[in-house]
Amino acid sequence: MRIIAGSRKGHRIDAPRGLTTRPTGDRVREAAFNLIGPVDGADVLDLYAGSGAMGLEALSRGAARAVFVEADRGACRTIERNLDKLRLTGAVVLCDDVLRALSAESLARRRYDLVLVDPPYEQWPELEPRLAPLLARVLADDGLLVVETRAEPQLPLELRTSRRYGSARLTLYHR
């Protein structure tokens, strides 16, 4: 895997070992950022971060800050290694359950310009009703939410677009 664009364009990044994470591939990441558009100065929340590829891409493209949330400790170490390798600053890695971390961010009234959600595909049906109200609370006014799933999500936000790329579906919502 590599960074597609921005200040770290072409740099390779590591993926966590094993089968517990499914990193977003280069082509899907490129398609996502073509849909997202410029992220200069954005505060980014990368949920189910895995390798951190989506948040790393945002930082490379000029995002001011990124918070990576991932429950798997090995994946958290991979994100930290990738941040060090790319010499990217303005990032925090929270090695925690996504629902717990998202609840804490919501209670602290933190808002993000870009929220990236890439849960295990098979868990989305059970996660969606629990995530939906929390995602709406952490999304800034004029913010953008990007969900990578197989099925099209149904969230209480305004749908911007939904497109399929192989087995992945990217759905964008905005406030």
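The values are calculated or read from the model by the stated rules, or taken from the named source; none is laboratory data. Just so it is clear, the structure is predicted and the values come from calculations on it, not from any experiment. Neighbour counts run over all protein chains shown; Cβ positions are idealised from the backbone, glycine included.
If you go through region 82-105 and pick out every residue that is in a helix (DSSP H, G or I) and closer than 21 Å to L59 by Cα, you end up with 9. Applying the set (1) in a helix (DSSP H, G or I); (2) surrounded by fewer than 18 Cβ atoms within 10 Å (Cβ to Cβ); (3) in contact (Cβ under 8 Å) with a residue 12 or more places away in the chain to P38 leaves exactly one unmet item: (1). The requirement of being loosely packed, with under 13 Cβ neighbours inside 10 Å and either at pLDDT 95 or above or not basic (K, R) (or both) is fulfilled somewhere in region 134-144, by at least one residue. From the list D72, D97, D113, the lone residue that is in contact (Cβ under 8 Å) with a residue 24 or more places away in the chain, acidic (D, E) and closer than 26 Å to G41 by Cβ is D113.
Picking from residues in region 149-175 that are touching a Lys or Arg at 6+ places or on another chain (Cβ under 7 Å), under 18 Å from D113 (Cβ atoms) and in contact (Cβ under 8 Å) with a residue 24 or more places away in the chain, the one that is surrounded by the fewest Cβ atoms within 10 Å (Cβ to Cβ) is H174. Considered as a group, the residues in region 129-158 that are within 16 Å of D46 (Cα to Cα) and charged (D, E, K, R) include one that is nearest to the chain's Cα centre (by Cα), and that residue is E148. Among the residues examined, R17 does not qualify as closer than 29 Å to P133 by Cα and modelled with pLDDT under 95. Here is the figure for region 83-133: residues that are of a type in the set (D, E), farther than 28 Å from I3 by Cα and either surrounded by 12 or more Cβ atoms within 10 Å (Cβ to Cβ) or in contact with a Cys (Cβ under 8 Å, 6 or more places away or on another chain) (or both) total 1. Restricting attention to region 43-81, which residues are among the hydrophobic types (A, V, I, L, M, F, W, C), more than 12 Å from D118 (Cα to Cα) and assigned to a loop (DSSP other than H, G, I, E, B)? Hits for region 43-81 are A63, A64, A71. I'd like to know if region 160-174 contains one or more residues that are touching a His at 6+ places or on another chain (Cβ under 9 Å) and closer than 17 Å to L45 by Cβ. The answer is no; no qualifying residue exists.
Considering only residues of region 22-35 that are part of a helix (DSSP H, G or I) and among the basic types (K, R), which is surrounded by the most Cβ atoms within 10 Å (Cβ to Cβ)? Can you show your working first?
Of region 22-35, the ones part of a helix (DSSP H, G or I) are 26-35.
Subset that is among the basic types (K, R): 27, 29.
Working: R27: 12, R29: 23.
By that ranking, first place goes to R29.
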